[in-house]
Amino acid sequence: MFSAIRLPDETRRCLVLGLAGSTALAGGGLAAGALPVRDTLAPALGLSDLRQHQSGGLVCAYFGLALLVAAWWRLGRAVRGGDPPSPGGLLLVLATWALPLVAMPPLFSRDVYSYLAQGAMVTAGLDVYTAGPSAMGGPLLAEVPAIWQHTPTPYGPAFLSLAAGVSGFASTDVPLGVFGMRAVALAGVVLLIVCLPRLARACGVDPAAALWLGALNPLVLLHLVSGAHNDAVMLGLLIAGLTAAAARRFALATIAITLACLVKAPAALGLVVVVWLWQRALRQPAGLPPSPTEPSRPPNLASPPSSPAEPPGRPAFGRREATLRALALTAGLAAATTALVTAVTGTGYGWVRSLTTPISTHNWSLSSTVGRITRNLLEAAGSDLAASAIPAWRWLGLVAAAAATLLAWHHRRRLGLVYALGLSLTALALLGPALRPWYLLWGLVPIAAAAPPNGRVRRWTALACLALTVTVFPSGFTPSADELAAAVAGALLAVPVVFLFTSDIVPAPVHPYRGTEPAAW
């Protein structure tokens, strides 16, 4: 498949540099990653002693992470330069970078062990929406971080059915279960990279630029591939649904996005795009054949006309009737999909009331951090309002996220539907009561598909990716001072390597945007 792909020289250099980085990162993870407590694989491979060298593992891991980040950043220059790689070439780079991470223990989070425990609870017939893994006990409980052992799950039945299947297959073999959950996450990543270029074309964006920012970025590699987070499944289904909507397959789009919502609830915002496009399609004149010169042009998701004029002929439905019909059809299909999946999995609708699960006293987010600062100041002043500070700021954050969402959709004609969706999901991730680095991917992937190619949002999003790669440690735990020093040492060791590797490269000239023209409605 990849044998006939030609890679420009600088892209080839980036591939080699990134491969060296991901290999070093994966190797460091054998000593400093989110390793299982009951590891049956490491002793069989003679790797048990590596756990005793965590500092060395951190140096190796952050040396590799620095190389990987540098390779990704330079690859972005190549995508915008005079001899850019093709989308196929970028997929080859992604597969090469991801390969070492696929075969190693998880990094930067221990959530995959919680997934396995929750899947085992579903298999055992326990209600995961009223109790945490501690209610089941057993060997998997030791793998779950203490903060989540007594906490119900916020995930929907679609994901729990997948986790239950993996957990039932792996039983108590933790490494096998981890690789099973990683296979599920990789299926979501594959769906994402298959659909993202098509969605980008519908939005008038260069598919290569969309793949670089939306699929090759370090957050995807670290947290979806290595960390095996269920956000991979959610994003794969969401982007597949948006792509189906762009092709006017609205029923399929509704089902796919509803399934994404039944993994993690924020994907439900994607249904707004389906409703909008469906009502536009319903308003098309009845009985008119498509133009012979443009038989199947997709709707323009980049920037719908600011004052859309009806095509010649009598509209099939008026604006109000078309909107009501599209809303009813989308809501009906979403409700039927939800009911069917819930009935098949047998988990019930408790996930709706469990959506507050990630909101713990230890979570870090903008609103929670400001709330803690306010609480400490009020406690120092002896105020009785100290206990209300964190909840108040979290509610203010949700109100701000809702306001940002409404503002984005108010400007949907200028921004485009997918771009507005990406900005809305980004606001929800940043202003919500809980924040994890991989939450940024909710909005980043739609932004990659639809944001203006030379706009500030795309640049700031790329910079945010770089910043968030260092906010959590490979073990998934809070680091000590010695561990911080080891990580800094590893990153500094990479600086001369990156300099020597790229010093003889003549910077390619940056040309104007090469993307496709926005498709007509």
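For the condition over 24 Å from residue 156 (Cα atoms) and either modelled with pLDDT under 90 or under 34 Å from the mean Cα position of the chain (by Cα) (or both), what is the one hit in 267, 246, 260, 240? Full working, then the answer.
Values: 267 fails: over 24 Å from residue 156 (Cα atoms); 260 fails: over 24 Å from residue 156 (Cα atoms); 240 fails: over 24 Å from residue 156 (Cα atoms).
Selected residue: 246, the only one of 267, 246, 260, 240 that is over 24 Å from residue 156 (Cα atoms) and either modelled with pLDDT under 90 or under 34 Å from the mean Cα position of the chain (by Cα) (or both).
Would you mind finding the one in 133, 139, 106 that is out of contact with any Asp or Glu (no Cβ under 7 Å at 6 or more places or on another chain) and within 30 Å of residue 74 (Cβ to Cβ)?
106
Here is the figure for segment 144-171: residues that are of a type outside the set (Gly, Ala, Ser), out of contact with any Ser or Thr (no Cβ under 8 Å at 6 or more places or on another chain), assigned to a helix (DSSP H, G or I) and crowded, with 16+ Cβ neighbours inside 10 Å total 3. Would it be correct to say that residue 430 is free of Cβ contacts under 8 Å to residues at least 40 places away in the same chain, within 30 Å of residue 243 (Cβ to Cβ), aliphatic (A, V, I, L, M) and surrounded by fewer than 21 Cβ atoms within 10 Å (Cβ to Cβ)? It is false that residue 430 is free of Cβ contacts under 8 Å to residues at least 40 places away in the same chain, within 30 Å of residue 243 (Cβ to Cβ), aliphatic (A, V, I, L, M) and surrounded by fewer than 21 Cβ atoms within 10 Å (Cβ to Cβ). Of all residues in segment 409-422, those satisfying the criterion of being surrounded by fewer than 23 Cβ atoms within 10 Å (Cβ to Cβ) and either of a type in the set (Lys, Arg) or closer than 17 Å to residue 440 by Cα (or both) are 412, 413, 414.
Within segment 117-134, residues that are closer than 13 Å to residue 160 by Cβ have Cβ atoms under 7 Å from residues that are in a loop (DSSP other than H, G, I, E, B) and among the aromatic types (Phe, Trp, Tyr) in these pairs: 129/351, counting only partners at least 6 apart in sequence or on another chain.
Within segment 239-256, the set of residues being of a type outside the set (S, T, N, Q), free of Cβ contacts under 8 Å to residues at least 60 places away in the same chain and assigned to a helix (DSSP H, G or I) comprises 240, 241, 244, 245, 246, 252, 253, 256. When segment 117-138 is limited to residues that are under 27 Å from the mean Cα position of the chain (by Cα), of a type in the set (A, V, I, L, M) and not in a loop (DSSP other than H, G, I, E, B), the one that is farthest from residue 344 (Cα to Cα) turns out to be 117.
The values are calculated or read from the model by the stated rules, or taken from the named source; none is laboratory data. In this text, all values refer to a predicted model and were calculated from it rather than measured experimentally. Note that we place each Cβ from the backbone using ideal geometry, even for glycine, and neighbour counts take in every protein chain shown.
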